[in-house]
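Each remark here refers to the structure printed beneath this line.
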Amino acid sequence: MEIKQSKVAVVRCDSYEPDKVQDAIREAVLLLGGFDHIFEGETAIEAFGKNAEILLKPNMLYRAAPEKAITTHPEVFRAVGALLKEEGYNNLAYGDSPGSPVPGMVKTAETCGIKAAADELNIRPGEFEHGTEIAYPKGRAAKHFVLCNEVVKVTGADGKDSAGIIINLCKMKTHQLERITGAVKNTFGCICGINKTASHAKFQSPEHFARMLADLNCVVRPTLHIMDGIVAMEGNGPGSGDPRPMYAILASTDPVALDAVFCRLIYLDPQLVATNTACMEAGVGTWDEEHIEILLGGVPMQREGAVITEDELEIKYAAKDFNVQRGKDFRGELRMMRYFRSFIEKKPVIIASKCIGCGICEQTCPLEDKAITILQSGEARIAAYDYSKCIKCYCCQEMCPKQAITIKKSLLSKVIDRRWKV
């Protein structure tokens, strides 16, 4: 398979001050040739010109304040919308299917600050509350998806003419199942409501889940990906980690290349990220640094005095101490350890002092026979696991609004992880 050269723009942005964010995103887009060049050749653009619908797809995992770094920051959303309008693209919509279908997309957008930015720019909410089943017989893992209706309309996934294009506004974060969540994983929010939960139950391993995401990206195929890495999330992501300034806006038409550059920023081997390898195999994009051109803009980014120059592909200024899972786990040298999986795999655990017994974890568990339930302990309610049922999808950890679930490794796992760190 011939691998095409991909470009990833990396522009420094040291705060969410509106003018700085807009300037950084403008520069990133211009490094890729500008909106008109990026959109050139898209079916809807050829048919409708600048009247084609542009759907902005932020990360809105659940209702969370912007400063928690769980969701795409509203200033990033606002900047992209404003820049599109400057260029004459006025038919704009936005949407995401949050991890929990309650209280709905618009209410979630309100808490995340996205709705206020959208209202200010007259960007309408798309139809993300209902879905349509779309067949994908060529899928390696998934043969069909239930996509949100707005996504179906824009992409023409139902066989009708495409009405527009998607711009993927992803967040730079860690992820307990896939190590990171970035451009590739953000398309998961195109799947409607509880069908995402069903996907976790069906595609349980990181590799199987990644192959499903690769199939999804073949169906949805956003035209442009812009990553909010000004303040990222490290550690117990994607919803319970710690904000970590990374001062970067990344942009690319290749979601795999963008995620691969994110990996290099945090010194994570991109081959260890299942979404990268699955998507490259499916022809979505490339993680191979030999086929990625990094376009730097703004002030050169610095970490501990090391500065990247324009002709370097290997990023050397990034955060070596970024808290992300770098161990090889069950890959490579550790393949023989699969027989000891139960002794070395991670598991979610409850932080009793933080748990309020809200029941969101139980609702989120994709199993019909729930692996986590809410128990009454005196006057308090607290979540409890039945690990014999748990499939280690970490949906509960992802959706906990109080960061009351963390991921624990066994002592043996920690020893192995230190021994085979990359």
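The values are calculated or read from the model by the stated rules, or taken from the named source; none is laboratory data. Computed from a prediction, not measured in an experiment: that's the story for all the values here. No Cβ is skipped: glycine too gets one built from the backbone with ideal geometry, and neighbour counts run over all protein chains shown.
Could you pull out the residue among Asp254, Asp269 that is closer than 23 Å to Thr72 by Cα and of a type in the set (D, E, K, R)? Just a single option satisfies the conditions, and that option is Asp254. Just one of the listed residues (Thr223, Thr197, Thr181) is polar (S, T, N, Q), in contact with a strand residue (DSSP E or B) (Cβ under 6 Å, 6 or more places away or on another chain) and surrounded by fewer than 22 Cβ atoms within 10 Å (Cβ to Cβ), and it is Thr223. Looking at Gly159, is it without any contact (Cβ under 8 Å) to a residue 60 or more places away in the chain and assigned to a loop (DSSP other than H, G, I, E, B)? Yes; evaluated as a whole, the condition is true for this residue.
So, Met233, is that one among the aliphatic types (A, V, I, L, M), in the same structural domain as Val10 (by TED's automatic domain parsing) and closer than 30 Å to Ala163 by Cα or not? Against the criterion (among the aliphatic types (A, V, I, L, M), in the same structural domain as Val10 (by TED's automatic domain parsing) and closer than 30 Å to Ala163 by Cα), Met233 does not qualify.
Could you please give the count of residues in region 90-120 that are surrounded by fewer than 23 Cβ atoms within 10 Å (Cβ to Cβ) and either among the small types (Gly, Ala, Ser) or modelled with pLDDT of 95 or more (or both)?
Result for region 90-120: 16.
Counting only strands (runs of 3 or more DSSP E) wholly contained in region 1-115, the ones carrying 3 or more residues that are assigned by TED's automatic domain parsing to the domain that holds Ala157 and either without any contact (Cβ under 8 Å) to a residue 24 or more places away in the chain or out of contact with any Lys or Arg (no Cβ under 8 Å at 6 or more places or on another chain) (or both) occupy 6-12, 53-58. For beta carbons closer than 9 Å, sequence separation of 6+ or different chains, a first residue in region 133-144 that is touching a residue at least 60 places away in the same chain (Cβ under 8 Å) and surrounded by fewer than 13 Cβ atoms within 10 Å (Cβ to Cβ) and a second that is in a loop (DSSP other than H, G, I, E, B) and not hydroxyl-bearing (Ser, Thr, Tyr), there are no qualifying pairs.
Note on region 145-165: residues that are surrounded by 24 or more Cβ atoms within 10 Å (Cβ to Cβ) and not polar (S, T, N, Q) amount to 8.
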